[in-house]
Amino acid sequence: MRRRRAAAGALGLTAAMVLVGCGGEDGPPTLTWYTNPDAGGQAVIAQRCTEEADGAYRIEVSTLPREASEQRQQLARRLAAEDASIDLMSLDPPFIPEFANAGFLAEIPAEMAERVSEDVVAGALAGATWEDELVTVPFWANTQLLWYRESVVEEAGLDMSEPVTWDQLIEVAQEQDLVLGVQGTKAESMTVWINALVASAGGTIVENPEAPTDEITLGLDSEAGREAARIMGEIGGGGLGGPGLPTADENANLSVFQGDRASFMVNWPFVWTATVDAVDAGTLDAEVLEDFGWAIYPQVVEGEESRPPYGGINIGVGAFSNHTDLALEAAECVVAPENQAEYFATNGNPPASTAAYDDPAVQDAFPMADLIRESLEQAEPRPQTPFYNEVSTGLQETWHPASAVSDSTPASSADFITAVLRGERLL
Amino acid sequence: MSTQITPAAGGRTPQAAADQEEAEVRRGHEAERSDRTRAEARLGWYLAGPAFVVMLAVTAYPILQATFDSLFRFKLTAQDEREFIGLGNYSMILTDPVFWSSMWVTLLITVVTVLVELVLGFALALVMHRAVRQLRGLLRTAILVPYGIITVVSAFAWFYAFDINSGFVNSWFSWVPGIDENLNWFAETGPSLFVIMASEIWKTTPFISLLLLAGLAQVPGDLEEAAEVDGATWWQRLKRVVIPNMKAAIMVAVLFRALDAFRIFDNVFIMTGGANNTQVLSLLAYDQSISRLEIGLGSAISVLLFLCVLLICFAAIKLFKVDLAGARGEG
């Protein structure tokens with residue numbers, strides 16, 4: 001008798017476990033938030049919003065691959081199969097038009113769009129928009145600064161309180177036989193550099209980003225495109241990027257910048273937290289950190305405001321989610337300015353909300369916080385087209401290695417990308 | 001084939017002699033199959049049947065699906081715009097320089113790695129075969145270790161060893177002319193391909209040497225002894241006795257490795273991602289179907305890759321007369 005009861009109990013328990021395992025409706029619905037890998041900040045926010053929801057929903061974090069392009073691949077393939085498990089996702093802005101165009105993102109109600117756009121820096125707002133509608137919620141916004149070594153600048157006699165130009169950087173690196181930190185690897189980071197150069201020269205890579213694939217025209221074959229190519233070719237051809245340039249990504253740049261031949265580097269603010277941490281851990285001399293300086297992204301044309309790179313993460317709501325209403329609510333909680341401020345202070349990712357910059361914790365952890373906000377206001381997003389992947393990979397295909405970039409690169413690159421978009425070439 | 005002395009012919013037991021006789025009968029009267037061969041064939045089907053069905057499900061179905069998809073212009077993010085274009089994808093691919101340069105790089109990697117692995121693998125097989133009994137186990141394990149390592153892991157290990165920022169190769173080998181601390185292995189085609197091929201060779205030589213070891217074990221010892229008594233040098237014995245007797249095993253090893261090498265992906269993906277003209281066919285297919293989400297185009301490349309593999313198989317079996325059964329000692 002006892003045995004039978006035990007068996008029945010076990011059966012009941014198993015059934016309950018199966019129900020829970022299948023996401024049965026006992027308890028609050030679970031929202032899955034696909035996040036890019038970070039220092040754990042998004043998981044903390046998920047936890048906090050779960051508590052704030054007070055039983056309305058629970059947020060579970062699921063981590064995506066490290067590379068932005070791989071994050072896109074995984075999400076796009078799942079969404080193409082109408083995966084209902086994707087409630088919230090951390091999206092890299094360049095891929096947002098592709099997702100919005102394919103109908104992968106749930107619509108954001110007008111009042112909510114108004115609320116989450118309030119006080120958001122211009123670059124982040126532009127990156128979250130597709131066809132004049134807010135399709136994602138700005139979460140954190142990234143931008144590159146010009147990092148320099150005080151000692152080098154002093155010797156060169158440069159006045160860093162005024163914006164400097166790429167030509168000045170090239171000159172200093174040549175004179176003192178030092179290495180410039182730029183992203184020359186055949187990856188997304190190289191597209192970021194090209195885009196910033198072309199935009200700072202007053203040009204644009206894609207002239208009509210919202211056009212269908214066979215009507216897209218590229219603005220590379222222009223004065224601005226050739227000016228960008230000249231700067232890249234001079235740095236690459238002159239060996240100013242060091243021997244590691246053809247494989248240099250942001251992390252490789254940082255390790256060179258912490259070394260003996262450092263001069264200038266364009267890079268995201270994570271380099272600051274990473275260097276502070278390295279000094280705290282005792283793996284780096286504190287003098288190196290003291291030698292760090294920062295300024296706005298370098299100009300291409302003297303006297304014309306530069307257009308620094310814009311990156312970051314926006315929150316998208318999956319179109320096939322079973323709980324889009326709850327997911328929208330959760331997205332709004334995630335991007336609350338206090339969450340953004342803490343995320344910046346603890347994880348080093350700058351907020352999209354201007355209000356978050358006034359937080360004392362932020363000002364404390366990042367002495368350059370105001371400069372970051374300023375840089376975000378003049379930042380230029382990468383081409384916002386549903387065919388961004390083709391454009392970016394096409395650029396990498398034709399502009400790598402930097403040492404081979406010449407006056408004819410912009411034109412041949414534009415021809416190649418156009419042919420790829422028309423379906424006439426492989427990538 | 002029949003003039004060669006097979007292991008069975010050197011048999012000393014009556015059973016082996018009977019087997020040999022039966023094999024000859026089988027060769028002579030292929031049509032009149034004995035009860036025993038029929039029973040063996042039936043047993044073979046029973047044993048291989050379940051695996052065969054599974055293979056059909058997991059390989060035949062995707063191959064057919066890919067062939068079907070390759071006839072369409074089909075992008076995963078624009079599924080409504082799917083359009084039948086017949087062989088359009090194929091004609092585009094076959095006239096594209098990127099495809100052909102990937103093809104040549106793939107062929108280069110295949111030929112070089114298989115040749116080097118064959119020589120190295122044979123040497124290792126000889127060492128394993130001749131090793132003193134006490135050392136044999138240890139030696140075989142040591143030689144097999146690289147093969148047990150996951151390709152992605154080995155690719156990362158080689159990448160970081162040669163990487164200009166974190167690698168140790170440049171400082172360890174700075175005495176070699178051409179290598180110094182400023183050598184960026186992954187900045188140019190030659191050095192990149194060298195590292196890719198070296199890691200491939202390091203990882204898969206054990207596989208080829210294992211197959212060759214099986215072949216060596218088949219070479220009857222008394223043949224070699226007889227040759228030695230006749231005054232043949234070590235080299236002559238190797239060339240005239242050992243190698244001809246293990247030709248089947250060598251060809252099978254070459255075929256298996258060539259098919260594997262032709263589909264190389266992990267090393268290139270991890271180390272260069274196809275930069276500096278190191279793009280290979282598998283990576284090209286990956287780029288189209290996974291990165292660009294162009295299912296039609298990617299499927300077409302996959303089908304072409306599959307056809308190339310079939311061609312290699314066909315060439316090996318028909319032209320070089322590889323006898324797959326021979327490797328098991330049935331020839």
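What follows is calculated from the coordinates using simple rules that are stated; it is not laboratory data. Given the structure is predicted, the values throughout are model-derived calculations rather than measurements. Note that each Cβ is placed from the backbone with ideal geometry, even for glycine, and that neighbours are counted across all protein chains shown.
The Cα atoms of segment B:96-328 cover 64, 46, 29 Å along the three principal axes, with the biggest extent listed first. Taking a straight line from the alpha carbon of B:LYS321, these lysines sit under 21 Å away, with near neighbours fewer than eight places off in the same chain left out: B:LYS239, B:LYS247. Neighbours of A:ARG382, meaning other residues whose beta-carbon lies under 10 angstrom from its beta-carbon, give a summed charge of -3 when Lys and Arg score +1 and Asp and Glu score -1. The length gained by stretching the chain between B:THR67 and B:VAL153 to full extension, at 0.36 nm per residue less their Cα-Cα distance, is 27.8 nm. For segment A:48-116, the Cβ-based charge dipole about the Cα centre amounts to some 240 debye (Lys, Arg positive; Asp, Glu negative; other atoms uncharged).
Among the trypsin sites (Lys or Arg not before Pro) in segment A:51-87, those placed in a DSSP loop whose Cβ has at most 14 other Cβ atoms within 10 Å are A:ARG66. Here the label points at B:ASP80 and B:LEU311, each 7 Å from Cα along the C-beta direction, are separated by 4.1 nm in the simple model. Here the Gaussian network model covers chain B, with springs between Cα atoms less than 10 Å apart; of B:MET55, B:MET92, B:MET251, B:MET55 fluctuates the most. With both labels modelled 7 Å from their Cα along Cα-to-Cβ, the B:ALA142 to A:SER161 distance reads 6.9 nm.
Report summary: the helix-based calculation at 222 nm, which adds -39500 (n - 2.57) for every DSSP H run with n ≥ 4 and divides by the residues of chain B, gives -20500 deg cm²/dmol. In chain A, the calculated helix contribution to ellipticity at 222 nm averages -14000 deg cm²/dmol per residue, counting -39,500 (n - 2.57) for every DSSP H run with n ≥ 4.
Sequence gap at least 6, Cα distance under 8 Å: using those rules, report the relative contact order of chain A to the nearest whole percent. Reported as a whole number, the value is 27 percent.
With N denoting the number of residues in segment A:187-324, provide Rg(C-alpha) divided by 2.2 N^0.38 Å, to two decimal places.
Expressed relative to 2.2 N^0.38 Å, the Cα Rg reads 1.31.
Relative to the longest principal axis of the Cα atoms of chain A, helix A:2-21 runs at roughly 40 degrees.
Inter-chain neighbour count for A:391-398: the average number of beta-carbon atoms from partner chains within 10 Å of each residue's beta-carbon is 1. Sparsely packed loop sites in segment B:201-306 (the trypsin sites (Lys or Arg not before Pro) outside DSSP H, G, I, E and B with at most 14 other Cβ atoms within 10 Å) do not occur.
Using the Cβ-Cβ distance between A:ASP214 and B:PHE194 with R0 set to 56 Å, the FRET efficiency works out to roughly 0.85. In sequence order, segment B:108-123 has phi-based couplings of 4, 4, 4, 5, 5, 5, 5, 4, 4, 5, 5, 5, 4, x, 5, 4 Hz under the Karplus curve 6.51 cos²θ - 1.76 cosθ + 1.60, θ = phi - 60°, and Gly or Pro positions carry x. Based on the alpha-carbon gyration tensor of segment A:312-427 and its eigenvalue square roots a ≥ b ≥ c, which shape applies: rounded if a/c is under 1.5, prolate if not and a/b is larger than b/c, or oblate? Oblate.
Among the GluC sites (Glu not before Pro) in segment A:48-89, those located in a DSSP loop and surrounded by at most 12 other Cβ atoms within 10 Å of their own Cβ are A:GLU82.
Derived scalar couplings between HN and Hα for segment A:172-184 equal 4, 4, 5, 4, 9, 6, 10, 9, 8, x, 9, 8, x Hz in order, rounded to whole Hz, by the Karplus curve 6.51 cos²θ - 1.76 cosθ + 1.60 (θ = phi - 60°), x for Gly and Pro. Projected onto its three principal axes, the C-alpha set of segment B:74-227 covers 70, 45, 27 Å, listed from the longest axis down. Of the residues B:LEU118, B:LEU293, B:LEU283, the one that moves most in a GNM of chain B with alpha-carbon contacts below 10 Å is B:LEU293. Looking at chain A alone, DSSP beta bridges between its own residues are antiparallel in about 65 percent of cases. Taking 0.36 nm per residue of separation and subtracting the Cα-Cα distance, full extension of the segment from A:ASP325 to A:GLU111 would add 75.7 nm. Building the convex hull from the alpha-carbon atoms of chain A and averaging its projection over directions returns 24.3 nm². Quick check: the distance between the Cα centres of segment A:303-348 and segment B:117-155, to the nearest angstrom? Cα centroid to Cα centroid, the span is 53 Å. With a Förster radius of 60 Å applied to the beta-carbon distance between B:GLU228 and A:ALA404, the computed FRET efficiency rounds to 0.50. Restricting attention to the protein assembly as shown, close to 70% of DSSP beta bridges with both partner residues there are antiparallel. Rounded, prolate or oblate: which fits segment A:274-343 when a ≥ b ≥ c are the square roots of the eigenvalues of the alpha-carbon gyration tensor, with rounded for a/c under 1.5 and prolate only if a/b beats b/c? Because a/c hits 1.5 or more and a/b fails to exceed b/c, segment A:274-343 counts as oblate. Over all projection directions, the Cα-based convex hull of the protein assembly as shown averages an area of 45.3 nm². Counting beta carbons within 10 Å around each of A:VAL116, B:VAL153 and listing the fewest first gives the order B:VAL153, A:VAL116. For the options A:GLY237, A:GLY157, A:GLY41, a Gaussian network treatment of chain A with springs between C-alpha atoms closer than 10 Å singles out A:GLY157 as fluctuating the most.
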